[in-house]
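Enquirer: One structure is given below, represented as structure tokens, and several questions about it will come after.
The values are calculated or read from the model by the stated rules, or taken from the named source; none is laboratory data. Computed from a prediction, not measured in an experiment: that's the story for all the values here. Cβ: placed from backbone, ideal geometry, glycine included. Neighbour counts: every protein chain shown.
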Amino acid sequence: MTRTGPRRVALVTGAARGLGRSHAVRLAADGLDVVALDLCGPVETVPYPAATAADLAETVSAVEGHGARCLALQSDVRDAAAMEKATEAALAEFGRVDVVVANAGVSSFGRVWELTPQQWREVLDVNLTGVFHTVRPVVPAMIEAGRGGAIVLVSSIAGLAALPNVAHYTAAKHGVTGLMRSLAVELAPYGIRANSVHPTTVDTPMVQNPAFYALAGATTREHAARAYRRSNALPVPWIGAGDVSDAVAWLASDAAAFVTGTALPVDAGALLPFRVPHG
Ligand SMILES: NC(=O)c1ccc[n+]([C@@H]2O[C@H](COP(=O)([O-])OP(=O)(O)OC[C@H]3O[C@@H](n4cnc5c(N)ncnc54)[C@H](O)[C@@H]3O)[C@@H](O)[C@H]2O)c1
């Protein structure tokens, strides 16, 4: 649908790189202005390199390349007060927020009994409580504006099924699914929709690193590709960030005007109950 009138505005967390950058750029291409928020720094127990301020600047350039305005915010979704300030900054800059994509996330790896309390805490704090902190301050402004809106929470196949070596991540992503369902019920009277996306492995820095390869006994991208190919029904080891952004952009759009409370896998069939060894 071609829209006329004021441009809509999307707040995207974890926007410096990977999926978040892809969502931000895709929404800009669809005609939205963007608030691109990211920590741009390490989370202590995460065993792969952190995004940087330069990464976030690259997102800004790519968003602006589509003729959209972009407000970059360096904030931590674990910090409730900082996320309140982020909403204030978004409203001061654009006067509205129509779409929220709660995408920031981290992982670390180990079996349940090997995870330290700090690893558990940090993954729950970023991946679940961070999503709560993201939506909490912005929802009242969306209700007040009376224009409806769309909230998309980035969960994972680990939000719908068990994955080994990431119990904290699996618990957090299942929690995100529940939070999405609560939001959908509570916000429906205001015409605000809430949905979640559940990607299989995606080709981003979260997985293209030695710590993630080691889970499959791999040391290189090629070796890992052979291993991760076996977790999807479709014959791919991972999907691209843009494949997930397609789903996010659809859920954020009027084309999904009557889709709410949906947990949408973008999973190359990873969640199918296939039992025949393949690869
Ligand atoms: N890559 C995958 O295979 C995959 C699969 C399913 C779901 N996901 C989910 O997709 C989302 C994006 O992951 P990705 O693969 O792009 O990872 P990534 O590491 O490439 O990007 C994550 C971004 O989130 C930011 N971030 C981390 N902690 C933050 C915090 N406390 N506050 C603000 N920003 C913070 C990082 O700085 C980084 O820019 C995550 O929620 C992840 O769990 C990823």
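Enquirer: For region 46-60: of the residues being in contact (Cβ under 8 Å) with a residue 60 or more places away in the chain and buried (at least 18 other Cβ atoms within 10 Å of the Cβ), which is nearest to the ligand (Cβ to nearest atom)?
Expert: 51
Enquirer: While we're on this one: Taking region 61-85 on its own, how many of its residues are over 17 Å from the mean Cα position of the chain (by Cα) and within 11 Å of the ligand (Cβ to nearest atom)?
Expert: 2
Enquirer: Answer yes or no as to whether residue 136 is of a type in the set (D, E, K, R), surrounded by fewer than 16 Cβ atoms within 10 Å (Cβ to Cβ) and either touching a residue at least 24 places away in the same chain (Cβ under 8 Å) or closer than 30 Å to residue 70 by Cα (or both).
Expert: In short, yes.
Enquirer: Please go through region 61-81 and pick out each residue that is surrounded by fewer than 17 Cβ atoms within 10 Å (Cβ to Cβ) and farther than 17 Å from residue 32 by Cβ.
Expert: Those that are surrounded by fewer than 17 Cβ atoms within 10 Å (Cβ to Cβ) and farther than 17 Å from residue 32 by Cβ: 74, 79, 80, 81.
Enquirer: Same structure again: Just a yes or no: is a residue in region 256-263 in contact with a Ser or Thr (Cβ under 7 Å, 6 or more places away or on another chain) and either in a loop (DSSP other than H, G, I, E, B) or small (Gly, Ala, Ser) (or both)?
Expert: Checking region 256-263: at least one residue is in contact with a Ser or Thr (Cβ under 7 Å, 6 or more places away or on another chain) and either in a loop (DSSP other than H, G, I, E, B) or small (Gly, Ala, Ser) (or both).
Enquirer: Now, a different point. Right, residue 241: of a type in the set (Gly, Ala, Ser), at pLDDT below 95 and within 15 Å of the ligand (Cβ to nearest atom) or not?
Expert: no
Enquirer: Restricting the search to region 222-231, which residues are modelled with pLDDT of 95 or more and surrounded by 15 or more Cβ atoms within 10 Å (Cβ to Cβ)?
Expert: 224, 225
Enquirer: Under the condition of being away from the ligand (no atom under 13 Å from the Cβ) and surrounded by fewer than 22 Cβ atoms within 10 Å (Cβ to Cβ), which residue from region 148-178 is nearest to the chain's Cα centre (by Cα)?
Expert: 178
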